[in-house]
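Worksheet for the structure shown next.
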Amino acid sequence: MDLRQMEYLVALADEQQFTRAAAVTGVSQSGLSAAIRSLESELNSALFTRTTRRVEPTAAGLALLPYARSMLAQATAARDAVVQATHEVSGTLHIGSEQCLGVIDVPPLLERFHRRFPQVEIRFTQAGSHELLALVREDELDVAFVATTDHLGSLSQTILGSEPLVLLCPPEHRLAERSRLEWSDLTDENFIDFHASWGVRPLNDSACDVHGIRRRVRFTVNDVHTLLDLVDRGLGIALVPQHIAAKPQAARLISVAVPEDRAPRWVVSVVAGPWDRTTSLAPHLLELLDDAPACRTATHTTADH
């Protein structure tokens, strides 16, 4: 057993799908599948049951899982301890993030950065993506985790992942029994949506405009859980990134796939302005993304919108 196999095991147990687990760990699906089979052969036990819909840990897989998580955590802590012992880094790092990005869990990343560089003061701002981009341009933030690819200008962008949008509605809504929608089904519906500074709002506005959808945004919010509560109370429907539909607060709600025809994708990125690599703390944060499977980068581009 090695750490890479443990990483694959944890990712597959969490994602319950080979395609998503492979994307999370930055390996091909065939490579991940071969590694899991090799581990099962080594242990002489099936670790997962595989169906056409999902992959679930067996009793043996569940028994191994906490040890796998522990091995990965100890390896991470060991690397951090070495860095802390050999590098004295200090200063202030200004970081921003939109709420509930899904593709990346920012608080654990900040925790690890603080553990590795305890002398660095972290100043964190939570806001909508477009507001965060403005703060990066104004040199108020060093790094921002955002959900937009628009208006980046000269800012560097590293894409962390993307998701489709889905429709959320209460079970009693007329669209709740649909397995898939037509864009025209959304005409004249009451919507709950985020403030225009959030990355998903321009996506929703643009998609509805492209398909000639008249929609009424009755409630504008700045919090994911408030949006879910309002939808649950039957006050409107919402177009949201897919991972929001999996939150515990959305357990009663119905998630319906939107038509793929010209459907926008919700893209999560980390962006930064130009920095002096001899003095900036931003590279120290970004290098941690390579060690965190859930935050593994897919591409690196400099957008010019």
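The values are calculated or read from the model by the stated rules, or taken from the named source; none is laboratory data. Everything quoted here is computed from the prediction, not taken from an experiment. Neighbour counts run over all protein chains shown; Cβ positions are idealised from the backbone, glycine included.
Key figures for this structure:
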| read-out | value |
| --- | --- |
| Pick from the stretch 148-176, criterion of a type in the set (D, E, K, R) and touching a residue at least 60 places away in the same chain (Cβ under 8 Å), ranking: surrounded by the most Cβ atoms within 10 Å (Cβ to Cβ) | E163 |
| Identity of the residue in the stretch 178-212, in contact (Cβ under 8 Å) with a residue 60 or more places away in the chain and more than 30 Å from G273 (Cβ to Cβ), that ends up surrounded by the most Cβ atoms within 10 Å (Cβ to Cβ) | W183 |
| Candidates L239, L227 - the one that is modelled with pLDDT of 95 or more, touching a helix residue (DSSP H, G or I) at 6+ places or on another chain (Cβ under 7 Å) and assigned by TED's automatic domain parsing to the domain that holds E177 | L239 |
| Filter pass, G212 being modelled with pLDDT of 95 or more and over 27 Å from Q157 (Cα atoms) | no |
| First in the stretch 281-296 and within 22 Å of Q119 (Cβ to Cβ) and in the same structural domain as D142 (by TED's automatic domain parsing), second anywhere and aromatic (F, W, Y) and at pLDDT below 70, Cβ under 7 Å, 6 or more apart | A282/W275 |
| Which numbered condition F145 fails, given (1) without any contact (Cβ under 8 Å) to a residue 24 or more places away in the chain; (2) assigned by TED's automatic domain parsing to the domain that holds A282 | (1) |
| Any pair with Cβ under 6 angstrom, 6 or more apart, that starts in the stretch 92-103 at a residue that is farther than 14 Å from E131 by Cβ and ends at one that is surrounded by fewer than 19 Cβ atoms within 10 Å (Cβ to Cβ) and of a type in the set (V, I, T) | L93/V120; L93/I122 |
| Unmet requirement for F124, which otherwise passes all of (1) in contact (Cβ under 8 Å) with a residue 40 or more places away in the chain; (2) within 30 Å of H151 (Cα to Cα); (3) surrounded by 13 or more Cβ atoms within 10 Å (Cβ to Cβ); (4) of a type outside the set (G, A, S) | (1) |
| Unique match (being under 22 Å from the mean Cα position of the chain (by Cα) and of a type outside the set (D, E, K, R)) among V210, V221, V217 | V221 |
